[in-house]
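Student: After the structure tokens below, expect a handful of questions from me.
Every number here is computed from the coordinates shown, using simple stated rules; none is lab data. The shown structure was predicted, so the numbers you read here are calculated from the model rather than taken from an experiment. So basically every Cβ, Gly included, is an ideal-geometry build from the backbone, and we count neighbours across all protein chains shown.
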Amino acid sequence: MELLTNQLKKIFSENINNIFKQDFSEKINIENSTKKEFGDFQTNFAMMNSKAIGKNPREIATTLVENFKENDLIEKLEIAGPGFINIHLKNNFLNNEVKKIDNEKYDFSFLNVDETVIIDYSSPNIAKRMHIGHLRSTIIGDAIKRILDFIGFKTISDNHIGDWGTQFGKLIVAYNKWLDKEAYEADPIGELERIYVLFSDEAKKDPTLEEVARNELRKLQMGDEQNNKLWKEFIEISLKEYNKVYDRLGVKFDHYFGESFYNDLMPDVLEELKEKNIAKEDQGALVVFFEEDKLPPALVQKKDGSFLYATSDLATIKFRKNELNVDKAVYVTDERQQNHFKQVFEISEMLGAPYNYEKSHVYFGIMRFGDGMIFSSRSGNIIRLVDLLDEAKKQVKSVIDEKNPNIPEDEKEKIAEIVGTGAIKYFDLSQNRTSDILFTWDKVLSFEGNTGPYLQYTYARIQSILRKLKEENISVKNNDIILDDMFDIERELAVALLRFPQTVVKSYETYRPNIIADYLFDTAKLFNNFYNSKSILKETDKKVMDARILLAQKTASILKQGLNLLGIETVDRM
Ligand code: ARG
């Protein structure tokens, strides 16, 4: 099914091109109305094209409205303010469109859906347990992948694991000095974490430890057998632990090409940088300086010959084009890496092909927890992701125990896991991603307001209505959605449901999942208003009852699809 906004664009361009004898097809903007009195959609065409047409906006709007051809979509057009055109759609048209929901696929072919997009997200650093700081990258990245998949892009998800770097020298020293074998067997990553923190503490007292660590790192990089064995062991242990979390979150990756994967590719990149005169020697190191100092210089090779984060990202960029044939890359990390990506993207432009394809850094604010601290595994005092998921589950479970004690225990467990995990994901995704967020349990787990549990509950509420219908053997005979009154709640809900695909496109264009979350919240509120003010099961006019049942079914379907784009499953009761 074609998006409403696209159908309107088409009909507007036919009329406009005909009336003004010029091709304005690319200049027509259709937006949601800001208030329902302003109709269903609005266009500011007259204001935006006043110069090109050579008339004032109100005149243009008047000419357009007076000469607009009768059609099946539009009931009436109104001129408002300086020259806005308010668009009211025909009920019959809306009725037919709503019936297509679930029966026809959305047509997104107007976007470049042939493109292959790689999404680089999660990407934790090895030998540290995943903590809440990784939550946002994993959840936002996964949502972006789902949104792109839904539209029809070919996506590749890559977990760019931090499996190479200075932490390994420190870990090796710590392992050799302080490892508690028993603890390591019982909880390997916990023990690695402990000795890593211990190293930092000890190095503060005895700075020579840092030099010892650098030496171990060098040995590792030169291929020392024992150190390589340890390094592999650390990676294996960490991935095992990460995968447990990914399983719980329902997150899957196509690749786990970590930083080390690019080791052999870096020398060539460096050659290219030197050859093209992009990197220059500066006190023994190799550095890229930027025009007019618009960015701080980027170090690509240290004095001792070792490569850096930027070098490895450049090699990654080249590999992704040459070997995976991507058209675009999306990186999801916290805001502190903005300069890094600006530098790397800028250097890619300087290098030209194959580096210079489209890239976006989708960054997000810091998640603070109660007392305002940033989660870092370097401080011992962290809240772990798994503990967080467990706590959410526990709290949801106790609500279900209270509200719905008759649900069998194993189903309760399942519901609690889905709703608890969903609540945490929704909390994250419903925020403007570039803001810092403060995690508090009330905001995450409330059953009211813009929360995961509220949406889950609305969905389950509809399922319970549909179950009752089944029990009473009520089936829908008439499949028309009746939308009689212009401002009636059914009509409003129907229009909202039809806005779903265009909302997904907006969210894709800005890589902002909260656009979908806001939409779902508004739609759920509309449904609840509708259900609180109109009866479904007790409605005596069978035709009206059928129409309301259909609206409820379509609402459930849209809520489910939308939550799914956010990586959130639904439950039929809770
Ligand atoms: N491992 C990095 C970190 O946790 C994130 C990597 C992001 N991806 C990339 N291609 N640089 O800080």
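Student: Which of K27/K525; K99/K252; K240/K393; K145/K342 have a Cα-Cα distance over 29 Å?
Tutor: Beyond 29 Å between Cα atoms: K27/K525; K99/K252.
Student: Sort out for me the Cα centre separation of region 29-82 from region 215-241, rounded to whole Å.
Tutor: 66 Å
Student: Let me ask something additional. Which cross-chain or sequence-distant (5 or more) residues have an amide H under 5 Å from the amide H of H160, H modelled 1.01 Å from N in plane?
Tutor: Close amide H contacts, sequence-distant or interchain: Y121, S123.
Student: Mind listing the phi-derived Karplus ³J(HN,Hα) values for region 564-569, rounded to whole Hz, using 6.51, -1.76 and 1.60 with θ = phi - 60°, and x for any glycine or proline?
Tutor: 4, 5, 8, x, 10, 7
Student: Mind sorting H134, H255 by how few other Cβ atoms lie within 10 Å of their own Cβ, fewest first? Spell out each step's value before the answer.
Tutor: Numbers: H134 23, H255 16.
Fewest-to-most ranking of H134, H255: H255, H134.
Student: So, in Å, what gap is there between the alpha-carbon centers of region 308-367 and region 417-470?
Tutor: 33 Å
Student: Continuing with this model, one more query. If you plug each phi of region 342-347 into the Karplus form 6.51 cos²θ - 1.76 cosθ + 1.60 with θ = phi - 60°, what whole-Hz ³J(HN,Hα) values come out, in order, with x for Gly and Pro?
Tutor: Once rounded to whole Hz, the list reads 4, 4, 5, 5, 5, 4.
Student: Which angle between 0 and 90 degrees, to the nearest 10, do you get for helix 266-275 versus the longest principal axis of the chain when only C-alpha atoms count?
Tutor: 90 degrees
Student: Which cross-chain or sequence-distant (5 or more) residues have an amide H under 5 Å from the amide H of K280, H modelled 1.01 Å from N in plane?
Tutor: HN-HN under 5 Å from K280: V287, V288, F289.
Student: From the phi of every residue in region 324-329, what ³J(HN,Hα) in whole Hz does the Karplus formula 6.51 cos²θ - 1.76 cosθ + 1.60 yield, where θ is phi - 60° and glycine or proline is x?
Tutor: Each residue's phi maps through the Karplus curve to give 10, 6, 7, 9, 8, 10 Hz.
Student: Same structure, new question: Fewest first, what order do D488, D102 take by the number of other Cβ atoms within 10 Å?
Tutor: D102, D488
Student: Moving on. Please work out whether region 528-574 counts as rounded, prolate or oblate from its C-alpha gyration tensor, where a ≥ b ≥ c are the square roots of the eigenvalues and a/c under 1.5 means rounded, while otherwise a/b larger than b/c means prolate and anything else oblate?
Tutor: Cα axes put region 528-574 in the prolate bin.
Student: Based on the alpha carbons, how large is the Rg to Rh ratio for the chain when Rh follows Kirkwood?
Tutor: 1.04
Student: Round to the nearest 10 and give me the degree value, 0 to 90, for the angle of helix 514-533's Cα axis relative to the longest principal axis of the chain.
Tutor: Relative to the chain, helix 514-533 is tipped by roughly 40 degrees.
Student: Among Q553, L148, Y355, whose Cα sits farthest toward the positive end of the charge dipole of the chain (+1 at Cβ of Lys/Arg, -1 at Cβ of Asp/Glu, about the Cα centre)?
Tutor: Q553
Student: Also, I was wondering about something else. Quick check: the angle from helix 409-429's long axis to the longest principal axis of the chain, C-alpha only, nearest 10 degrees?
Tutor: 90 degrees
Student: Right, here's the next one. Can you bin region 225-325 into rounded, prolate or oblate? Criterion: square roots of the alpha carbon gyration tensor eigenvalues sorted a ≥ b ≥ c, rounded for a/c under 1.5, prolate for a/b above b/c, oblate for the rest.
Tutor: Taking the square roots of the gyration eigenvalues as a ≥ b ≥ c, region 225-325 is prolate.
Student: What value, in deg cm²/dmol to 500, does the helix sum -39500 (n - 2.57) over DSSP H runs of n ≥ 4 give at 222 nm once divided by the residues of the chain?
Tutor: Result for the chain, helices only: -17500 deg cm²/dmol.
Student: Using modelled backbone amide H atoms (1.01 Å from N, in-plane), which distant-in-sequence or interchain residues come within less than 5 Å of E75's amide H?
Tutor: Here the answer is H88, L89, K90, since their amide H atoms fall under 5 Å of that of E75.
Student: As a test, work out the antiparallel percent of DSSP beta bridges whose residues both lie in the chain, rounded to the nearest 5.
Tutor: For the chain, the DSSP antiparallel bridge percentage is about 50.
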